[in-house]
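Read through the structure below, which is laid out as structure tokens, and then see the notes.
FYI, it's all coordinate maths here, none of it is from the lab. For clarity, every value in this text was computed on a predicted model and none was experimentally measured. Positions of Cβ are backbone-derived with ideal geometry, glycine not excepted, and every protein chain shown enters the neighbour counts.
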Amino acid sequence: MSEINHTENFATKSATVNSTSLNYIKRLGTPIAALASGLGGPVAIVRVSGKDLSFLKQSIGSFPKAGEHALRKFRSSTLENDFLLDEVLVLYFKAPHSFTGEDVIEIQGHGVPALVDSMLAELQRLGCEMAMAGEFSFRAVWNDKMSLEAASRLQMLFATEGLGASSASRLLSFTKSHDSKIQALLSDCIQSTLKARGRVEAAIDFAEAEEEQAEDIAGASERVADIRHTLTQLINTFEVFTQNASIPQVVVAGLPNAGKSTLLNVLCGSERSIVSALEGTTRDYVEVSLKSLGGRNFKLIDTAGLRNLSEHSMDAHHSVESLGIKKGLELLGGAQILLWVWDARSQTHLEQLNFIKKSHPSLRVIEIGSHRDLVNLADKNSDVAESRVESLFSFVHDQKKLREFVLTQVDLLEAERELLLNDLNDEALISQRQRALLSEVVVELDQTQLCLNGMRPLELVGDHLREVEFKLRQVLGQDLGEDYIGEIFSQFCLGK
Amino acid sequence: MGTQSNFDAVVIGAGHAGVEASRALAARGFSTALITFDKKKVGAMSCNPAIGGVAKSHLVCEVDALGGMMGRVADMSAIQSRRLNLKKGPAVRSTRSQCDKDHYANTMSFLMSNVENLQLIEAEVAGFDWIDVGGSRKISQVRLKDGSILKTRSVVLTAGTFMRGLMFCGDERTRGGRVGDSAADSISESIEKTGHKLTRLKTGTPARLDSRSIDFSKLDTQWGDPEKRQFSWRPLEYRLPQLSCYLTYTNERTHDIIRANFHRTPLFSGEIQGVGPRYCPSVEDKIRRFPDRARHQIFLEPEGLSSNFVYPNGMSTSLPADVQLEFLRSIEGLERVELLRPGYAVEYDSFDPMELDHGFMSKYIEGLFTAGQINRTSGYEEAAAQGLWAGIQAGLWLQEKDFIFPDRSRSYMETLVDDLTSVGTLEPYRMFTSRSEYRLHLREDNAAERMFGLGSQLGLLGDDQMRSFDLAQQSLADSIVRLSSERIRIDENRVISLFEYLRRPEVCWEDLGVDWSDGVDDRVLERLEVKAKYEGYLSKQDLELKRLREAKEMELDLSISLRDTPGLSMEVIEKVEKYRPKTLLELSRISGVTPSALLTIAKKAGRKIGNVSRETLQS
């Protein structure tokens, strides 16, 4: 019964309520503590937040003035015992001028795990609770020190491993206009979801009007397909961003004994992987952080030799090594640049290289030929094309030139990639949280189509599309009932 | 000079709501008066001659499982039954029964006049009064036109379309809530003194056709299902002979005639101001709103076994009688039709259900309950469900017990109550399956399972009903055991139980090849199938339910003014002040309350969440 607007009658409430943020809210009266820095460095920072932290004076004596720091002795005192735990630097941020908007004390002590453990135990004994993941940020939002959107971006910042500096600052400087673009796109999807559901619900609730039902269901199916298309595009933009946002990975690959490990050693300046003349000796992969000539950070990864990749010839004798090969292929999937090493004396590598290029089309390739000293370049019959001569090196004699060549090539390719990333600046970019939700939405949309195609009962469309609407609202942060707040913060690490 | 008598409860109006309200009160031992203009019209079907339909049949089954009258009387009066939505899934399958109208009203009158503790009074109400007790106003009595006084502590008002009822047929105006009956204007006056704001609503009914003047031979026949499905779990006393309905359609000529007479309908002249039921629009409204539709479907429904009245479903109108005859005669099969009575629109007073609490008690007068069409709903089934709810709650109030909080996950009845009292409505509200977020759980087949606990706890159920429910439960349990122990070979290597087999989407209970000759009810088999197939979906909903209940924990302290709270819009503040939500959950259900507004209000007015006091919440 498409003639009637049925969308206003839907259950306005969702059956789903998550109570994570209730947990945060319940604990608002409690002081919380957590290690805010990593362990293992020289200094460990313990952060405490609460409405009234005066109880800490039992341990650290008087507080420094608000906004200032002071050296204090951190004491642990029980009935039986009273001893000095550590000499610490104490910083005092008075409410509301702190990260959480509550009183915050930061204690910087020595980064010795045992000391930090005792310090946290002492804080608990004094009445602190160990903070839940993201609880500090939750309090910041609760006390209007931070917006939810900002918290969500922050979470992405922490969650993206090896984020490049330019991408990181982009996330931090995320503007309102980006958000409104997503807002507009997703609001349209929500409207469309409602309309699709309207048509299906009409077919159910006006069962007597049999004439219009097939049309209603087909109309809904079309809409669902459109929504799915829009969402997969958004997800795709995200994939491109994250693929390019992190520090580039350069994977070294080539046929066994082409000279990969030697090249790695040349680039790193020290013996990182085992080099031997036995075919396939680099059993595992090796990862090194390097800087290009232009000062760009990148990761260089050495893999096991890639032998007969296209034939999957992995016999029992080489099982350890074949694991390495498998790993190498996986690494290629996450890499941006392939550093392909080939032996100038032979052309047999081309088949393998083409195989890789075909299966990883976005991978950019730097080709390096080894053993330049062992081929006669003057020989017209040599297999080496003239255009490739400049990428031919003797790994023994031309090490400086080789190093400079590779590091310059990385710069060139990276500059290209940065341009691509700039192009993305105007695209609607979703966060990781949003991306995860959108993937769930896509699953729900697929389930919906099953129902519309008659593979499942039609009545389930209501549940699936309500879930779609609901998750889309969550993506937009429109529904607290579903508690997206809890969801953002619970993904933070402790102490944030 | 009238007499004076005492009742625990007085129910005003003996339509579908009043019947259920008074029965629920009487069944629990309260002396109850049921006042009606006409004792012969108890439970009268003022409009279409059918009970049930999608989502509505669910309401009927729920009412029945609480001991209500509607399902039982409809089963005894059914002259054609059909199951709708059979292929769309178990939760939306619905039953619709054409009823013999006179038989329905007669049976209802007879049964109601034999209910213990219930006195049926034929009279017109002049008004009701209240007294001030310790700062609150409490209902004290109902006055009748003959001067009699009924002293009472509770009144359930179920006046349908009768409060300031005004009927429109072209330019004719007639006072009254239904053709042949008068209006109840003095009740409206009493209500306005309470502070309730009354709003005009509109509904309509089509002309009634003389069956002898219809050429049925030209029309498609619509037969009922061979297996007649009951609403009630009570054993059926008897079954009436079955009739068929007929199908015909409007055409361009019909539409032209109606269009040419748009100026003669009070609906378009602005004279009728009340909002009408969107899902049951008058035919002139359909033509105007959907000018591109080439035709509209009409079901011709017989009104009874011994009646010449035929109800043309979908043709309600307020056009003048001559135009009605003209456009009807343009329709196939109706070329020589005669009208037994023209259609008309009726405008009436309604309450704002947001001025009621979840027990349907007035927020201004204690002991005053309202139910049915005056609460801005349409439909017999919606009215019955509300009447029952109001009757139950009025009883609890008389016992000085807390009202039952509507549980949306238990029934459509409670979904209806919750929607009306927490979100409100501006137009006549009709129930749909899509209104429930627990649709998969709220089915016809398990209505008894869902409601019996409440019914027996409240003492609403008779022994016969308890017995048939126990039998059904036993039969369900036995069937599960039987299907779990019998095995079927599905391929060379695998043998599984029939119950496992039933989980498959393509298998239904009819395919199991089990001999159910020991008389297992269809409804039990349907439940069995749902149990097998929807277990995953249902357990997911159960988990979500648990979480929802946790979220109800936070209470709001509304003695705190939200005025001048930074970041709160005036609109939100006004809504909160108007609807006074008691918990965070109720607050979240008010339309227009954004998550950030919710957070702001929770910060300011959150009383406690779990064991946290408001002091610690305030920052």
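Things worth noting here:
- Alpha carbon centroid spacing (whole Å) that separates segment B:194-249 from segment B:80-120: 11
- Sorted ascending by nearby beta carbons within 10 Å, beginning with the fewest, B:ILE187, B:ILE149 become B:ILE149, B:ILE187.
- Computed on the Cα atoms alone, the convex hull of segment B:121-266 gives a volume of 240 cubic angstrom per residue.
- Dimensions of segment B:240-306 from C-alpha coordinates, computed as largest minus smallest value along each principal axis and given longest first, are 45, 28, 20 Å.
- Of the trypsin sites (Lys or Arg not before Pro) found in segment B:212-299, the ones in coil according to DSSP and having at most 16 other Cβ atoms within 10 Å of their Cβ are B:ARG239, B:ARG293, B:ARG295.
- Nearest-0.05 FRET efficiency for B:CYS508 and B:GLN242, computed from C-beta distance (R0 30 Å): 0.70
- Rg and Dmax, both from the Cα atoms of segment B:190-318 and both in Å, are 19.1, 57.
- Note on B:ARG487/B:LYS540: beta-carbon distance plugged into 1/(1 + (r/R0)^6) with R0 of 41 Å gives a FRET efficiency of 0.90.
- Only helical runs count toward this figure. For chain B, summing -39,500 (n - 2.57) over DSSP H runs of n ≥ 4 and dividing by all residues gives -10000 deg cm²/dmol at 222 nm.
- From most to least packed by mean Cβ count within 10 Å, the peptides B:68-77, B:420-429, A:398-407, B:483-492 give B:68-77, B:420-429, A:398-407, B:483-492.
- Cα-based convex hull volume of chain B per residue, rounded to whole Å³: 194
- For segment B:34-183, fraction of C-alpha pairs farther apart than 27 Å, in %: 40
- Two-site FRET efficiency, A:LEU412 against A:ASP446, from Cβ-Cβ distance with R₀ of 51 Å, rounded to 0.05: 0.75
- Lysines whose Cα lies under 22 Å from that of A:LYS291, excluding same-chain neighbours fewer than 8 positions away: A:LYS260, A:LYS299, A:LYS400, A:LYS401
- Using Cβ point charges alone (K and R +1, D and E -1), the dipole size of chain B about the Cα centre works out to roughly 1000 debye.
- Here each label is just a point 7 Å from Cα along the line to Cβ, and for A:SER77 and A:LEU419 those points are 6.8 nm apart.
- Entries of B:LYS40/B:LYS101; B:LYS363/B:LYS582; B:LYS41/B:LYS151; B:LYS41/B:LYS101; A:LYS51/A:LYS94 with Cα pairs more than 18 Å apart: B:LYS41/B:LYS151
- Whichever aspartates and glutamates have a C-alpha closer than 13 Å to that of A:LYS181, once near sequence neighbours (fewer than 8 apart) are set aside: A:ASP426, A:GLU427
- Approximate spin-label separation B:LEU426-B:TRP223, in nm, with each point projected 7 Å along Cα-to-Cβ: 4.8
- Cβ-based exposure ranking for A:HIS360, B:HIS58, B:HIS358, in which fewest neighbours within 10 Å come first: A:HIS360, B:HIS358, B:HIS58
- Put a dot 7 Å past the Cα of B:GLN399, heading toward its Cβ, do the same for B:ALA294, and the two dots end up 6.1 nm apart.
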